[in-house]
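Visitor: Before anything else, here's the structure in question.
The values are calculated or read from the model by the stated rules, or taken from the named source; none is laboratory data. The structure presented is a predicted model; accordingly, all values stated were derived computationally and were not measured. A quick note on method: Cβ atoms are made from the backbone with ideal geometry, for glycine too, and the neighbour counts reach across all protein chains shown. Only protein heavy atoms, including side chains, enter the accessible area calculation; ligands, DNA and RNA are left aside. Shrake-Rupley method; radii C 1.70, N 1.55, O 1.52, S 1.80 Å.
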Amino acid sequence: MNPRHKKHGLVLVDNLCALSLVPLLKACFRLRPTQLYYFRASRMGLKLSGWIKNLKIISGDPNKIQDLYLNDTKDSAASILRFNAQQDCIRSQDRIFQEVKKILPEFDSFFQQICATGVRKEWQIWLQELYLQLHLAKALAREEEASTRNVVLISHSASLLKILNVDPEISGNIKVYPQTFENKALLYLFGPVIYTLGKTLMDLLMSWFSPRKEVPRNNNDKFKIGTSAAWGFEGFDKNRLDDLFWWRRSQVPAEQIVYMFERQDYQPTRNRMVELEKMGIQSIALNPKYLGDAHEFQVKNKIVSLTNNLKVFLFYLKLALRGLLKDKLTRSIYSLVGWQIYKSEELIPIYKGINLRGIFHFNESSLEFVNLSAQKSNAARIGTHWSCLSAPNASTPRCHEVYFAWGAHDLKIILDSGSISKNILVSGCFLSELSNKSEHLKGKEAVQSMKDKGVRIVLTLFDNSFPVPNFYRFFLQWLVDDPNLGILIKSKGGTFESTCEDGIGGLVQQAKDSGRIFVMDEKASPVDAAMLSDFAIGITGISAIAVSGLQGARVLYIDYEKLDQSALKPYSIFHSLGPNRCVFYDMESLKNAVLEYTKNPGSNPNLGDVSPILDQLDPFRDGKASQRIGEYVNWYLESLGQNSSKMAALKTASEKY
C-alpha cells in the first residue's frame, strides 16, 4: 500500500469483473469521489473500471492489492482471523449436518458427516478471506486518513455475515456489499445440472462417432494404494522428501502403488512415466487440463448408459429446484452438497477401475469430494500433515478414515477443529528424518566460503509462501551493514524470487555482491539449511522451525500477531518457552538478542533452544515416522488380502499399530 492524498471514499472489490459492476456503481455514486482497489480482476473487469474512470466516477487508476496478509507488519492478524472464521463456522456444524441428512437420506452417517464438514470448510475459506479483506480495508483507511464509514467492500461472501450471525463489530463500520451470485450458490446449484446434461448429450454423440478409451481395469486382483502427485518422486532414496516417503520404508510391493497426476504445478511427462515404470509403479493422469506431454496416459471414464445419465441429471435438477426455494443458509448447503457429489462422481469410476482401496491425497482444505469418492469406491482415505499446525483453521479439520498426526500439539488442533476421522494415530514427524544430501552439501560449502570471508554469525531465513518484503528488507540491510553476518535462505512458493524481482531498492544486489548470502534449492529440506546455521528464523508459519528444532537446531520466530495474547494462546507452543527465548514480537528485538548472544553466549544460553517442547511435537524422535505409516498401510493391505472388509482391515491395522 502506497501513501496517497486523502480521498473521500475507498471501494475494495473482491473480484473485479462484469458481475461486480452494479454494486461497484452503487458504492462509487454513494462515496464520490472514490479510489478503487481490487484483489483480483478479469479482463472485462479492468476494462469496465477504465470506462468508469473516464466517466470521472472514480479517481485515478484502480489499484491491485499486492499483499492481503500483511504478515511482516504491525497489522499482521492472519492466524487470528482464520481462527475466528473457524469458530464462527463451526457453530453451524450441527445445522449443516441436519440439512445434509435430509438431502442425502440414503447415505450412511459418516458419508453425511464428511459432506457436512466439506460445506463448513468451504464457508470457512470464504469467511476467512472476507475477514482478511475487511482487516486490510481498515489498515488502508487508516493509511489514507479516511473514515471506515466511507469504505465499501464488495464480496461474493457478503451474505455469510448474516447467515452465520457474525458479530457486526468485525466490519468496523465498513459497508459490505454482496456481489452477484453471492456465495456461488446458484453456480453450484445449477452447475451440476448443466454439466450432466451436457455430458449426456456428449456421451450420446461419442457413442456414435468415437468410442472413448475406458478406465483400464487391473490386470490382476491386487488391491491398490493411490498417491496423488504433489511433491514429486525421487527414486529409491529413502531419505528424500516426496510423495512416496511412506512407501520406501514399507513392505508394500511397488505393483500395489498407483501414482496419480492431477495438478497444474506437477504434470505428467513421458520421462516421469518411464521412471515410475522402472520402479514398478503404475501411473495415470486424471485431469485432462494438465497432461504435460503424456496425453496418452490420460484416464477417461467409460460412457455411461443414457438411462443412468438421465437419472443423474434428474437428481441434480431436483436438488437445485429444492435448494432454490430455501433460505440463503439452506440454499448454500444444498449447493455445496450438490457440487461435492458431482465432483466426487467424476473420480469414482477411476478409483474403482484401478481397484483402489486406499489413497493419499494433497487436498486438505475446501470441499471433501476426494473423501466422498473414496467412500463410494470402498477405499480408505489415509493422510498425514506436511506442516506443523499453528491453530485451527479451514485446513485443519480431518475427515480421513486414517490420519497420522506428528504429536500432541498437532493432535489437539486436529481435534479442536471438529475433525471426524475414525482413526487418528500419532506417528511422529516424518519431515525431520528426510534430507537432500546434495543440497545440504552445497549449503555447507557456501557457509564455509562465508566463514572464509570473516563471517561469524550465520542465519537461516524461512518464509512461508506469503509476501514478506519487510522481513527480507530488514535482514538484507543487516547483511549489507554487518560484514560478520552470513545468510542462508530456504524459501517456499517463490517468495524470495518475488523479492529478487522487486530488488528492494538495490538491497538484493548488494547482498549478492557481498558473497555472504546463499539461496538453498527448493528441493532442500528446512533441516538441510537450519543445521548449517547458528539460528534458523521463521515468520508466518511454525512448520520449518518445528522440523528444525526436532533435529537440534536453535530456532527463532517472529510473531507480529502476538498470538499468545489472543484466543490462540492454547496453541502457541513456542511462546510457552517464555520471553526472549524463541519468540520475538519484532525483528529489531530479535536482532539485539542474537548480537548479545554472539558477544556473550552465557547472557542468554537458552536462546533458540526448544528442547522442553519437543515431546509435544514428536514423542518418538527416532527417525521411524515414515516406517510406522508404511507398516500400517501394509497391515491394512494384508488384512484386505485375507478377505476382510475395509472396516475390519482398518480395525486390524489400528490394533496392530
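Visitor: If you find the alpha carbon centre of the stretch 586-657 and of the stretch 250-325, how far apart are they in angstrom?
Guide: Answer, in whole Å: 32.
Visitor: Choose one of Tyr636, Ser387, Thr117: the residue whose Cα lies farthest towards the positive end of the charge dipole of the chain (beta-carbon charges +1 Lys, Arg; -1 Asp, Glu; about the Cα centre).
Guide: Thr117
Visitor: For the stretch 497-564, give the magnitude of the charge dipole about the Cα centre (Cβ charges: +1 Lys/Arg, -1 Asp/Glu; no others), in debye to the nearest 20.
Guide: The dipole magnitude comes to about 240 debye.
Visitor: For a protection proxy built on the mean count of beta-carbon atoms within 10 angstrom, sort 95-106, 367-378, 114-125 highest first, please.
Guide: In decreasing order of mean packing, 95-106, 367-378, 114-125 become 114-125, 367-378, 95-106.
Visitor: Among the aspartates and glutamates, select those whose C-alpha is under 16 Å from the C-alpha of Lys224, and discard any that sit fewer than 8 residues away in the same chain.
Guide: Output for Lys224: Asp243, Glu255, Glu277, Glu631, Glu638.
Visitor: Span-like helices, the chain: DSSP H, alpha-carbon axial extent 30 Å or more, mean Kyte-Doolittle 1.0 or greater, which ones?
Guide: Once both thresholds are applied, what remains is 185-209.
Visitor: Can you tell me the equivalent ellipsoid semi-axes for the stretch 36-84? Use √(5λ) from the Cα gyration tensor, largest first, whole Å.
Guide: Equivalent ellipsoid semi-axes, largest first: 30, 12, 8 Å.
Visitor: Here is a further query. Skipping prolines and chain starts, which residues have an amide H placed within reach, meaning under 5 Å, of the one on Ile257, given they are 5 or more residues away or on another chain?
Guide: Ile225, Gln282
Visitor: Now a separate question. Ignoring everything except DSSP H segments at least 4 long, calculate the 222 nm mean residue ellipticity for the chain; use -39,500 (n - 2.57) per segment, divide by total residues, nearest 500.
Guide: Roughly -14000 deg cm²/dmol at 222 nm, from the helical runs in the chain.
Visitor: Which pairs break 18 Å Cα to Cα here: Lys26/Lys184; Lys102/Lys184; Lys184/Lys328?
Guide: Flagged as over cut-off: Lys26/Lys184; Lys102/Lys184.
Visitor: Moving to a separate point now. How about Lys138: which lysines have a C-alpha closer than 17 Å to its C-alpha, ignoring those fewer than 8 places off in the same chain?
Guide: Leaving aside lysines fewer than 8 places away in the same chain, those within reach of Lys138 are Lys6, Lys7, Lys64, Lys74, Lys175.
Visitor: Using the 2.2 N^0.38 Å rule of thumb for compact globular proteins, work out how the stretch 471-542 stacks up: its C-alpha Rg over that value, please.
Guide: Expressed relative to 2.2 N^0.38 Å, the Cα Rg reads 1.06.
Visitor: Separate question: Distance from the Cα centre of the stretch 523-565 to that of the stretch 328-404, in angstrom?
Guide: Cα centres, the stretch 523-565 to the stretch 328-404: 30 Å.
Visitor: For Cα pairs less than 8 Å apart in space and 6+ apart in sequence, what is the mean separation divided by the residue count of the chain, i.e. the relative contact order in percent?
Guide: 13
Visitor: Still on this structure, I have one more. How long is the gain from Thr598 to Asn173 if the chain were fully straight, where each residue apart is worth 0.36 nm and the alpha carbon distance is subtracted?
Guide: Difference between extended and current length: 148.1 nm.
Visitor: Determine which aspartates and glutamates satisfy two conditions relative to Lys352: a Cα distance under 13 Å, and not lying fewer than 8 residues away in the same chain.
Guide: Excluding near neighbours in sequence, the set is Glu214, Asp221.
Visitor: Given points 7 Å out from each Cα along the Cα-Cβ axis, report the Gln565 to Lys101 separation in nanometres with one decimal.
Guide: 4.5
Visitor: Over all alpha-carbon pairs in the stretch 1-83, figure out the percentage whose distance exceeds 22 Å.
Guide: Everything past 22 Å amounts to 30 percent.
Visitor: Give, rounded to the nearest 20 debye, the magnitude of the charge dipole that the chain has about its Cα centre when Lys and Arg contribute +1 at Cβ and Asp and Glu contribute -1 at Cβ.
Guide: So the dipole magnitude of the chain works out to roughly 1960 debye.
Visitor: Per 0.36 nm of contour for each residue apart, how much would the distance between Glu588 and Thr269 grow if the chain were fully extended, relative to their Cα-Cα spacing?
Guide: 110.1 nm
Visitor: What number, in percent, do you get for the relative contact order of the stretch 1-146 if the mean sequence gap of Cα pairs under 8 Å and at least 6 apart is divided by its residue count?
Guide: 26
Visitor: Of Asn63, Ser147, Ser332, which is farthest along the charge dipole of the chain in the positive direction, counting Lys and Arg as +1 and Asp and Glu as -1 at C-beta?
Guide: Towards the positive end, the residue furthest out is Ser332.
Visitor: Further question: Placing +1 at every Lys and Arg Cβ and -1 at every Asp and Glu Cβ, with all other atoms neutral, what dipole size does the stretch 67-217 have around its Cα centre, in debye to the nearest 20?
Guide: 440
Visitor: Please calculate the 1.4 Å probe accessible area of Ile194, with all protein chains present, and give it to the nearest 10 Å².
Guide: 110
Visitor: Here's something else I'd like to know. Too long at a 19 Å Cα-Cα cut-off: which of Lys569/Lys624; Lys199/Lys343; Lys412/Lys656; Lys101/Lys412; Lys442/Lys523?
Guide: Lys569/Lys624; Lys412/Lys656; Lys101/Lys412
Visitor: So if I take the alpha carbon set of the stretch 374-439, get Rg, then get Rh from the Kirkwood formula, what is the Rg over Rh ratio?
Guide: That ratio equals 1.04.
Visitor: With a cut-off of 8 Å between alpha carbons and a minimum separation of six or more residues, what is the relative contact order of the stretch 566-657 in percent?
Guide: 21
Visitor: Which of the peptides 606-618, 484-496, 158-170 is most tightly packed, and how do the rest follow, judged by the mean count of other Cβ atoms within 10 Å per residue?
Guide: Highest-to-lowest ranking by the protection proxy: 484-496, 606-618, 158-170.
Visitor: A follow-up question, please. Percent of accessible area on the stretch 142-197 owned by carbon and sulfur, 1.4 Å probe?
Guide: On the stretch 142-197, the fraction of accessible area on carbon and sulfur atoms equals 55 percent.
Visitor: Alpha carbons only, please: Rg and Dmax for the stretch 57-175, in angstrom.
Guide: 17.5, 57
Visitor: Can you tell me what the convex hull of the Cα atoms of the stretch 512-589 projects to on average, as an area in nm²?
Guide: Result: 6.2 nm².
Visitor: Another question, then. How big is D for the stretch 515-657, in µm² s⁻¹ as a whole number, if Stokes-Einstein is applied with the Kirkwood radius of its Cα pairs at 37 °C and 0.692 mPa s?
Guide: My calculation gives 184 µm²/s for D.
Visitor: Per 20 Å bin, what is the whole-percent P(r) computed from every C-alpha pair distance within the chain?
Guide: Calculated P(r), rounded to whole percents: 17, 47, 33, 3, 0.
Visitor: I've got another one for you. Hey, what's the chain come to in accessible area per residue, 1.4 Å probe, Å²?
Guide: Ligands and nucleic acids excluded, the figure is 43 Å² per residue.
Visitor: In nm², what is the average projected area of the convex hull enclosing the Cα atoms of the stretch 270-407?
Guide: It is 11.5 nm².
Visitor: How much length would be gained if the chain were fully extended between Gln616 and Arg91, taking 0.36 nm per residue of separation minus their Cα-Cα distance, in nm to one decimal?
Guide: Here the answer is 186.2 nm.
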